[in-house]
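This report concerns only the one structure given below.
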Amino acid sequence: LFRNVDMSIPKNSVTALVGYSGSGKTSLCQLIARFWDVSKGSITIGGINYKDMSLAQLMEHVNYVTQDTFLFNMSILENIRMGKPAASDEEVKEAARLANCAEFIEALPDGYNTVIGENGSRLSGGERQRLSIARALLKNAPIIILDEISASLDVENEMKIQESLNTLIKGKTVIIISHRLKSIENADKIIVMNEGKIDAEGTHAELLKASPLYRSMIEKSGLTETYVY
């Protein structure tokens, strides 16, 4: 349940949503992607109420990438192509290259024609995640929502995912959820959520001064790695 949530996400910027578990971060992103409708108020994209868009139009604008990958028991080529069904093989392979997938795909016995099992069961978690990023790159939607996509990865895979993400988000409007607070220090804007409300918003430096909740989260995180978006 959200109360008095009023927020604006600038075009071609990176906005991070942070907050303790249950604060409403994922639910808010799911509202933006219209997993369900708001009962009061409105959500607009480019000044247009998204209820006035068809689902197909909305999906052209929004790409939602989560840590839970959705892959199918078909070839790698066809799994990636789901991001853009009319894409040529060359376009699919270029998206795979940009997502750092090409090396592991080409090492497989059947390469891009390898059937990967239900939900990619024949691949590692990092490989599955990179395929989902390749699919997002192929789709090329202007708005990208990234929901804890590297939360369960080891350090090596996380670094590869990070490289892929840096390619994915160029020139896009990005909303990112991450418990790894050091990874969002360079976001253009950080929104601190608390029990379905916006507790504070601003840059990392601004929030360290103005938000006791954000400052507390940073102090408790104990993380040292820093990524640049």
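General observations
- Spans of helices (runs of 4 or more DSSP H) in the range 34-147 with at least 2 residues of a type in the set (D, E, K, R): 76-81, 89-98, 102-106, 125-139
- Some residue of the range 66-75 being of a type in the set (Ser, Thr, Tyr) and in contact with a strand residue (DSSP E or B) (Cβ under 8 Å, 6 or more places away or on another chain): yes
- Subset of the range 167-208 [in a helix (DSSP H, G or I), open to solvent by 10 Å² or more (accessible area, probe 1.4 Å) and not hydroxyl-bearing (Ser, Thr, Tyr)]: LYS182, HIS204, ALA205, GLU206, LEU208
- Any chance GLN67 is in contact (Cβ under 8 Å) with a residue 12 or more places away in the chain, open to solvent by 70 Å² or more (accessible area, probe 1.4 Å), closer than 17 Å to ILE177 by Cα and not aromatic (Phe, Trp, Tyr): yes
- Residues of the range 117-146 satisfying the condition of being among the acidic types (Asp, Glu) and under 11 Å from ASN100 (Cα atoms): GLU127
- Under the condition of being of a type in the set (Phe, Trp, Tyr) and under 17 Å from LEU138 (Cα atoms), the residues counted in the range 46-71 number 2.
- Flag for ARG97 being of a type in the set (Lys, Arg), within 22 Å of the chain's Cα centre (by Cα) and either surrounded by fewer than 16 Cβ atoms within 10 Å (Cβ to Cβ) or within 17 Å of LEU165 (Cα to Cα) (or both): yes
- Count of the range 14-64 residues which are among the aliphatic types (A, V, I, L, M), closer than 30 Å to GLY117 by Cα and open to solvent by 40 Å² or more (accessible area, probe 1.4 Å): 3
- Yes/no for ASN113 being of a type in the set (S, T, N, Q), modelled with pLDDT of 95 or more and open to solvent by less than 20 Å² (accessible area, probe 1.4 Å): no
The values are calculated or read from the model by the stated rules, or taken from the named source; none is laboratory data. Being a predicted model, the structure only gives us computed values, none of them experimental. Using ideal geometry, Cβ is built from the backbone for each residue, glycine included, and neighbour counts are taken over all protein chains shown. Each accessible area value is taken on the protein alone, full model and side chains, heavy atoms only, with ligands, DNA and RNA left out. Shrake-Rupley method; radii C 1.70, N 1.55, O 1.52, S 1.80 Å.
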